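Engineer: Sharing a structure here in structure tokens format.
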Amino acid sequence: MTGPAMTAAWGFALLASVGEREARVRQALEARVAAGDAPGIQYSVVSGSEVLFEGAAGWADLGSRRRLEPSTTMMAYSMTKVVTAAAVLQLVERGAVSLDAPVRSYLPDVPYDDRLLVRHLLSQTSGIPNPIPLRWVHLPGDHAAFDERARLAALLAEHGELKFTPGARYGYSNLSYWLLGRLVERVTGARSA
């Protein structure tokens, strides 16, 4: 189901009771998994700060045939960049962050000078290196022992020189969005998961 048919189905679902919506969403997503569109889908439907319902369909691991559960930890990796960018832009809209402010005005410990602006981090034009392999990626079971701040500080110390002048060209860097996540935490006072 795509286009207007999906829009109509979802629109109708919004008018139904929460229980009816939950059944319709579960059925629609299980059908997508059964059709082979995705090995598994995890979902949560919220209203304000309240979780209306959540669930999962399909497999967390195809090889072992381990079922996907609502509590299954998913390795989201770069998909979080979209959420991070939206959070930064909401802070810009509220006047709490300026795209043209030096990153150091929010994160004074970064090793880069004031030419590096928030907009450069967002647009991947920062000049910050992109160290590979991604040594900060860790298994869910290791998360409690992982010191994110120490690892970021070590990576910034190791890669303290920009590859090019900020804004001069495009150059993908995972560190740019890691810094944006820290910026959001610093400005809002909220710790990201």
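Engineer: With Kirkwood's inverse mean 1/r over C-alpha pairs for Rh, give me the Rg to Rh ratio of the stretch 31-89, two decimals please.
Structural biologist: 1.04
Engineer: Using the basic label-point model (7 angstrom from Cα toward the beta carbon), what is the THR165 to ARG26 distance in nanometres?
Structural biologist: Placing both labels 7 Å beyond Cα along the Cβ direction yields 6.0 nm.
Engineer: Divide, for the stretch 78-129, the radius of gyration over alpha carbons by 2.2 N^0.38 Å, where N is the residue count.
Structural biologist: In units of the globular-protein estimate, the stretch 78-129 measures up at 1.11.
Engineer: Then there is this: Please calculate the 1.4 Å probe accessible area of VAL51, with all protein chains present, and give it to the nearest 10 Å².
Structural biologist: Here the accessible area works out near 80 Å².
Engineer: Tell me, in nm to one decimal, what length is gained between ARG151 and ARG186 on full extension, where the rule is 0.36 nm per residue of separation less the Cα-Cα distance?
Structural biologist: The ARG151-ARG186 span can extend by a further 10.9 nm.
Engineer: Sorted by mean Cβ packing within 10 Å, highest first, what order do the peptides 90-98, 174-182 take?
Structural biologist: 174-182, 90-98
Engineer: Once you sort the root eigenvalues of the Cα gyration tensor of the stretch 84-193 as a ≥ b ≥ c, which label holds: rounded (a/c under 1.5), prolate (a/b larger than b/c) or oblate (the other case)?
Structural biologist: Note, shape of the stretch 84-193 comes out oblate.
Engineer: Given N residues in the stretch 24-137, what is its alpha carbon radius of gyration divided by 2.2 N^0.38 Å?
Structural biologist: 1.47
Engineer: With a ≥ b ≥ c taken as the square roots of the eigenvalues of the C-alpha gyration tensor of the stretch 146-188, please select rounded if a/c is under 1.5 and otherwise prolate if a/b is larger than b/c or oblate if it is not?
Structural biologist: Oblate shape, in that a/c is at least 1.5 and b/c is the bigger or equal ratio.
Engineer: Also: So, by mean Cβ neighbours within 10 angstrom, what's the order for 117-126, 33-42 with the highest one leading?
Structural biologist: Going by the mean number of other Cβ atoms within 10 Å, highest first, we get 117-126, 33-42.
The values are calculated or read from the model by the stated rules, or taken from the named source; none is laboratory data. Computed from a prediction, not measured in an experiment: that's the story for all the values here. Ideal geometry is used to build each Cβ from the backbone, glycine not excepted, and the neighbour counts take in all protein chains shown. Accessible surface areas use protein heavy atoms only, side chains included; no ligands, DNA or RNA. Shrake-Rupley method; radii C 1.70, N 1.55, O 1.52, S 1.80 Å.
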